[in-house]
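Take a look at the structure below.
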Amino acid sequence: MGPVHKPRVRPRGVLEAWLERLRRREQRLVRASAEAPLLLLSYPRGGRAVAEEIETACARTFPRLNPEIRVPYEGVFERLPTLVVVLLRPRNLCDCLGHHHPRGTESRLTRRLAADLGSPVGEIDLAYEAIRRWEPQPLAAMAVGDLGSRLPDLHFQAALLAVWLHELEHLAFARSAEHETRTRSNWFYTCAMAQLVAEESGAAYGMAASLPPRP
């Protein structure tokens, strides 16, 4: 899932990529819900706080969202392997928020797991700092009440889930159209934010769109 502008490689991004290769990576196993695959978060050493934020989003925030928000992705989960590796990076060189990795392009970690388990293992990546700064809707223009510093936290939770589901859908449906997948994930973000803001402050957050078609 990427930006609308032309990707541009920055020297800082190249340096960060090399530094990440030099660091040891750590892993954390997460169960998002009974229907979703197991997630193996793989993150740079020292990134425990970010891994915990992502675990909170997938294992706590997502399951408590209203069923009508989650139901369009039931068909996605059914088509995924039992285990999906999620490579976490601060940002991607191409400026994309995340990618799905088609069969044959996975990391050495994922290939080794698939060989050891004797079954397919999926893989995606998420650029968590880029997601944190992503603004699918102008937050300042929304009626969100007196949330103060909590608004960025709620945005990050909803945005992480939207990008996570976006890449999982592409992983499950290799030929899915980008426009339809993006429309569905943007809809999810709007609905998730509406629920999270309402639970936090009772304020309204924009207008949720009608339920999109299932993938």
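Please treat every number below as a calculation from the coordinates, not as lab data. Because the structure is a prediction, the values reported are computed rather than measured. In this analysis, Cβ positions are derived from the backbone assuming ideal geometry, glycine residues included, and neighbour counts consider all displayed protein chains.
Based on the Cα gyration tensor of region 11-201, what are the three equivalent ellipsoid semi-axes, each the root of five times an eigenvalue, rounded to whole Å and given largest first? Write down the numbers at each step before the final one.
Working: eigenvalues 138, 83, 48 Å².
They are 26, 20, 15 Å, listed from largest to smallest.
Take Leu165, Leu196, Leu93 and order them by how many other Cβ atoms sit within 10 Å, fewest up front. It would help to have the intermediate numbers written out before the result.
Working: Leu165 26, Leu196 22, Leu93 15.
Listing Leu165, Leu196, Leu93 from fewest to most nearby Cβ atoms yields Leu93, Leu196, Leu165.
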Cα principal axis extents for region 40-90, largest first, Å:
36, 23, 16
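Which whole-number percent of Cα pairs in region 36-146 have a distance greater than 17 Å? Working shown, then result.
Details: 3936 of 6105 pairs.
Roughly 64 percent, rounded to a whole number.
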